[in-house]
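Peer 1: Quick one: the structure is below, and I'll ask about it shortly.
The values are calculated or read from the model by the stated rules, or taken from the named source; none is laboratory data. Computed from a predicted structure; not experimentally measured. Neighbour counts run over all protein chains shown; Cβ positions are idealised from the backbone, glycine included. What goes into the accessible areas is simple: the full protein's heavy atoms, side chains included, and nothing from ligands, DNA or RNA. Shrake-Rupley method; radii C 1.70, N 1.55, O 1.52, S 1.80 Å.
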Amino acid sequence: FGFLATEGGAVTQATSKSTGVTLNTRCGAITMNNASLGASTSVSFTLTNSTIATDDVVVASISSGATAASYLIFVDDVGAGSCRFHVRNVSGGSLGEAIVISFAVIKVTIA
(Lines give C-alpha, C1' and ligand atoms only; values in the text may rest on other atoms or scores of the structure.)
Protein backbone atom coordinates (compact mmCIF):
# COMPACT_ATOMS: atom_id res chain seq x y z
CA PHE A 1 0.00 0.00 0.00
CA GLY A 2 1.58 3.26 -1.06
CA PHE A 3 1.71 6.01 -3.60
CA LEU A 4 4.03 7.02 -6.40
CA ALA A 5 6.02 10.23 -5.97
CA THR A 6 3.91 11.80 -8.71
CA GLU A 7 0.72 11.25 -6.68
CA GLY A 8 1.69 13.61 -3.84
CA GLY A 9 1.71 17.36 -3.36
CA ALA A 10 1.78 20.17 -0.84
CA VAL A 11 -0.25 23.30 -0.13
CA THR A 12 -0.25 26.05 2.52
CA GLN A 13 -3.26 27.85 3.96
CA ALA A 14 -3.20 31.50 2.93
CA THR A 15 -4.88 33.62 5.59
CA SER A 16 -6.26 31.67 8.57
CA LYS A 17 -6.69 28.19 10.04
CA SER A 18 -10.21 28.04 8.56
CA THR A 19 -9.15 28.94 5.01
CA GLY A 20 -9.92 26.18 2.53
CA VAL A 21 -7.19 24.74 0.33
CA THR A 22 -7.07 23.00 -3.05
CA LEU A 23 -4.72 20.13 -3.81
CA ASN A 24 -5.63 17.59 -6.51
CA THR A 25 -3.34 14.73 -5.47
CA ARG A 26 -4.02 11.35 -3.81
CA CYS A 27 -1.75 12.18 -0.89
CA GLY A 28 0.21 15.12 0.41
CA ALA A 29 0.82 17.72 3.07
CA ILE A 30 -1.21 20.71 4.16
CA THR A 31 0.62 23.38 6.14
CA MET A 32 -1.89 25.24 8.24
CA ASN A 33 -1.69 28.97 8.83
CA ASN A 34 0.10 29.83 12.09
CA ALA A 35 -2.79 31.87 13.51
CA SER A 36 -3.58 31.25 17.18
CA LEU A 37 -6.06 28.57 18.14
CA GLY A 38 -7.44 28.97 21.65
CA ALA A 39 -7.40 26.29 24.31
CA SER A 40 -10.22 23.73 23.91
CA THR A 41 -11.14 25.28 20.55
CA SER A 42 -11.74 23.59 17.20
CA VAL A 43 -11.37 24.86 13.67
CA SER A 44 -12.40 23.27 10.39
CA PHE A 45 -11.46 23.81 6.77
CA THR A 46 -12.26 22.21 3.43
CA LEU A 47 -9.81 20.42 1.17
CA THR A 48 -10.99 20.64 -2.44
CA ASN A 49 -9.51 17.66 -4.25
CA SER A 50 -10.67 16.18 -7.55
CA THR A 51 -9.31 12.71 -6.65
CA ILE A 52 -11.82 12.26 -3.79
CA ALA A 53 -14.98 10.29 -4.55
CA THR A 54 -18.03 10.01 -2.30
CA ASP A 55 -17.18 6.54 -0.94
CA ASP A 56 -13.45 7.13 -0.42
CA VAL A 57 -11.72 7.25 2.95
CA VAL A 58 -9.43 10.19 3.72
CA VAL A 59 -6.93 9.60 6.51
CA ALA A 60 -4.92 12.33 8.18
CA SER A 61 -2.23 12.76 10.79
CA ILE A 62 -0.18 15.63 12.13
CA SER A 63 3.34 15.14 10.82
CA SER A 64 5.16 18.20 12.16
CA GLY A 65 4.90 21.77 13.40
CA ALA A 66 2.77 20.94 16.43
CA THR A 67 3.40 20.71 20.14
CA ALA A 68 3.17 17.00 21.02
CA ALA A 69 -0.19 15.79 22.37
CA SER A 70 -1.78 19.23 21.92
CA TYR A 71 -4.12 18.58 18.99
CA LEU A 72 -6.71 16.13 17.74
CA ILE A 73 -7.48 15.86 14.02
CA PHE A 74 -10.19 14.07 12.08
CA VAL A 75 -11.82 14.13 8.66
CA ASP A 76 -15.54 14.20 7.95
CA ASP A 77 -17.98 15.28 5.27
CA VAL A 78 -16.24 13.34 2.49
CA GLY A 79 -17.94 13.93 -0.84
CA ALA A 80 -17.19 14.01 -4.53
CA GLY A 81 -14.30 16.45 -4.85
CA SER A 82 -13.77 17.48 -1.22
CA CYS A 83 -13.56 16.67 2.47
CA ARG A 84 -13.45 18.64 5.68
CA PHE A 85 -10.67 18.55 8.29
CA HIS A 86 -11.27 19.37 11.96
CA VAL A 87 -8.39 20.34 14.24
CA ARG A 88 -8.90 20.78 18.00
CA ASN A 89 -6.46 22.34 20.44
CA VAL A 90 -6.62 20.11 23.52
CA SER A 91 -3.83 21.90 25.38
CA GLY A 92 -4.31 24.25 28.28
CA GLY A 93 -3.36 27.37 26.33
CA SER A 94 -3.63 29.17 23.03
CA LEU A 95 -1.23 27.89 20.35
CA GLY A 96 -0.11 29.63 17.16
CA GLU A 97 1.61 26.89 15.20
CA ALA A 98 1.90 26.08 11.49
CA ILE A 99 0.71 22.49 11.85
CA VAL A 100 1.59 20.18 8.94
CA ILE A 101 -1.11 17.62 8.17
CA SER A 102 -0.26 14.56 6.08
CA PHE A 103 -3.22 13.00 4.27
CA ALA A 104 -4.00 10.12 1.95
CA VAL A 105 -7.07 9.31 -0.12
CA ILE A 106 -7.91 5.61 0.00
CA LYS A 107 -10.04 4.58 -2.95
CA VAL A 108 -13.02 2.44 -1.92
CA THR A 109 -15.19 0.26 -4.09
CA ILE A 110 -18.64 -0.69 -2.83
CA ALA A 111 -20.12 -3.63 -4.66
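Peer 1: So, in nm, how far is label Asn34 from label Phe74 when the simple model puts each one 7 Å beyond its Cα toward the Cβ?
Peer 2: Inter-label distance under the simple model: 3.0 nm.
Peer 1: Which whole-number percentage describes the relative contact order of the range 1-72, with Cα contacts under 8 Å and a sequence gap of 6 or more?
Peer 2: Reported relative contact order: 28 percent.
Peer 1: Ok, one more. Rounded to the nearest 10 Å², what accessible area does Ile110 show when all protein chains are kept and the probe is 1.4 Å?
Peer 2: 120
Peer 1: Next question. Please give the Cα centre distance for the range 79-111 versus the range 2-45, rounded to the nearest Å.
Peer 2: 8
Peer 1: Then there's this: Find out how many positive minus negative residues lie around Ser50, taking Lys and Arg as positive, Asp and Glu as negative, among other residues whose Cβ is under 15 Å from that of Ser50.
Peer 2: Once positives and negatives cancel, what remains is 0.
Peer 1: Test of understanding: what is the full-extension gain from Ser61 to Thr48, defined as 0.36 nm times their sequence separation minus their Cα-Cα distance?
Peer 2: Computed gain between Ser61 and Thr48 is 2.9 nm.
Peer 1: Determine the sum of side-chain charges near Tyr71: Lys and Arg each +1, Asp and Glu each -1, restricted to other residues whose C-beta is under 14 angstrom from that of Tyr71.
Peer 2: Value of the local net charge: +1.
Peer 1: Amide H neighbours of Gly20 under 5 Å, counting only residues 5+ apart in sequence or on other chains, H built in-plane at 1.01 Å?
Peer 2: Long-range HN contacts for Gly20: Thr46.
Peer 1: Can you tell me the order of 54-60, 21-27 when each peptide is scored by its average per-residue count of other Cβ atoms within 10 angstrom, highest first?
Peer 2: Those peptides, ordered most packed to least, come out 21-27, 54-60.
Peer 1: Using Cα springs under 10 Å in a Gaussian network model of the chain, which residue among Phe85, Phe45, Phe74 shows the largest mean-square fluctuation?
Peer 2: Phe74
Peer 1: Please report, largest first and rounded to whole Å, the three semi-axes of the ellipsoid equivalent to the chain, where each semi-axis is the square root of five times an eigenvalue of the C-alpha gyration tensor.
Peer 2: Semi-axes, largest first: 25, 14, 13 Å.
Peer 1: For Thr6 and Lys107, compute 0.36 nm times the residue count separating them, minus their Cα-Cα distance, and round to one decimal in nm.
Peer 2: 34.7 nm
Peer 1: OK, next. Please report the antiparallel percentage of DSSP beta bridges with both residues in the range 5-82, rounded to the nearest 5.
Peer 2: Of all bridge pairs located within the range 5-82, approximately 20 percent are antiparallel.
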